[in-house]
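Undergrad: Input: one structure, supplied below.
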């Protein structure tokens, strides 16, 4: 396919692909209906979500590796069709193994491939504005539940869960045909017209590490550890937002649902806003600010948020910071290890989020089961953010040594 004349088109394509796979975040809409229709327990249904998340994290490695031999557009089209097929096949799932395989394994795998390739396309077209490009793509994924959650709920009420899965699957397939139209990576070595790299940026861009080389650097492990700490802290809260609001602030179910929507908006604002700011103020600066604010909010303000307004404010701050972490991390990866092998390199770094996706929600649930409240969970989340700051500080020192050498 010929290269698009305007680099905005590949970014739009990548962002649309991310928006479509963001439909995964409406999974909670299906929990109660699946339990009622099939007699499955909450734990059995939620396991499909966990399998999906784990497979997503692992499949980003496949997406990164496949970009070496297959074009971005082909990968996104194939991943998108597989994602749509997963939803259609899930509509026929009458047993838990079938649910886990169709939705958890197939859906999660294709989601991970689409996510990784979309991020790679956006980053390579915007080496001068990696934070903004990543923020737009990741922000679209985070904003998707605002559309898909009420749509999915309406389809379930009008028909049933099976029909909803099928309708969504067909819709996703058609959407991916349109979204992948301009999803192509630029030629190797391409740079935007008139862009002159700064001295620091030039030094970074010349260091195109392979994943093997990256794993030999101490800074990778510091960044990975900071990612685990930051993501675990954020997921402990975002994964239980509605329940925390009902217990801590006495919110009604409808008010709690509003805060979940607010959290999606906050995450989008953080992904887009902090990503763009990182282009101006620096990646480590914005990541450090996100961790510091999260630490203070968790340790000082969360436990005293006993009204709808106060709870919404602290939750919004956590959402903004969590969104910022998710945007700045891929940009740091591109800065530190180059863009040539970005797809696979970031997939390796993203394994930190995969670990956090299991540890965060389960850790919060364990704390609540053991103590009967979320108070200790706030302290743990704040401590994790503080540890993340320590790892980040070491990473900053190591990055300066890398540039000096």
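Undergrad: Working out 0.36 nm times the residue gap between residue 177 and residue 92, then minus their Cα-Cα distance, what length gain in nm do you get to one decimal?
TA: Details: separation 85, 0.36 × 85 = 30.60 nm, distance 2.38 nm.
Difference between extended and current length: 28.2 nm.
Undergrad: For q = 0.20, 0.23, 0.24 Å⁻¹, what log10 I(q)/I(0) does region 1-101 give under the Debye formula with an equal point scatterer on each alpha carbon and no solvent?
TA: Taken in order of the listed q values, log10 I(q)/I(0) reads -1.11, -1.34, -1.41.
Undergrad: Oh, and also: Calculate log10 I(q)/I(0) of the chain for q = 0.10, 0.12, 0.14 Å⁻¹, where I(q) comes from the Debye formula with a single equal point scatterer on each Cα and nothing for solvent.
TA: Debye output, listed in q order: -0.64, -0.93, -1.26.
Undergrad: Calculate, for residue 190 and residue 157, the FRET efficiency according to 1/(1 + (r/R0)^6) with r their C-beta to C-beta distance and R0 56 Å; round to the nearest 0.05.
TA: Values: r = 48 Å, r/R0 = 0.87.
Given R0 = 56 Å and the Cβ-Cβ separation, E is 0.70.
Undergrad: Among 332-344, 224-236, what's the highest-first ranking by average C-beta atoms within 10 angstrom per residue?
TA: Details: 332-344: 23.7, 224-236: 25.8.
Sorting 332-344, 224-236 by mean packing, highest first, produces 224-236, 332-344.
Undergrad: Right, next: From the P(r) of region 126-168, can you give the percent of Cα pairs sitting at distances over 17 Å?
TA: Details: 443 of 903 pairs.
Tail of the P(r) past 17 Å holds 49 percent of the pairs.
Undergrad: Applying 1/(1 + (r/R0)^6) with R0 = 22 Å to the Cβ-Cβ distance of residue 265 and residue 8, what FRET efficiency is obtained, to the nearest 0.05?
TA: Working: r = 24 Å, r/R0 = 1.09.
Efficiency at R0 = 22 Å is approximately 0.35.
Undergrad: Could you work out how much longer the chain between residue 215 and residue 35 gets when fully extended? Use 0.36 nm per residue separation minus the Cα distance between them, nm to one decimal.
TA: Result for the pair: 60.5 nm of gain on full extension.
Undergrad: Sticking with this one: Which value in Å does the Kirkwood hydrodynamic radius of region 269-405 take, with 1/r averaged over all unlike C-alpha pairs and then inverted? Mind showing how you got there, number by number?
TA: Details: mean 1/r = 0.0618 Å⁻¹.
For region 269-405, the Kirkwood estimate is 16.2 Å.
Undergrad: Would you kindly state how much longer the chain becomes between residue 47 and residue 397 on full extension, computed as 0.36 nm times their sequence separation minus their alpha carbon distance, in nm to one decimal?
TA: Values: separation 350, 0.36 × 350 = 126.00 nm, distance 4.03 nm.
Separation in residues times 0.36 nm, less the Cα-Cα distance, equals 122.0 nm.
Undergrad: While we're looking at this one, here's another question. Need the C-alpha centroid separation for region 128-164 versus region 283-315, integer Å.
TA: 25 Å
Undergrad: In Å, the Kirkwood hydrodynamic radius of region 8-179 over pairs of distinct alpha carbons?
TA: The Cα-based Kirkwood calculation yields 16.1 Å.
Undergrad: Still on this structure, please answer the following. Across 10 Å bins from the origin, how do the percents of Cα pairs in region 84-172 run, short distances first?
TA: Per 10 Å bin, starting at 0, the Cα pair percentages come out as 16, 36, 30, 14, 3.
No value in this document is a laboratory result; all are computed from the given coordinates. Just so it is clear, the structure is predicted and the values come from calculations on it, not from any experiment. Cβ coordinates were reconstructed from backbone atoms using ideal geometry, including for glycine residues, and neighbour counts include every protein chain displayed.
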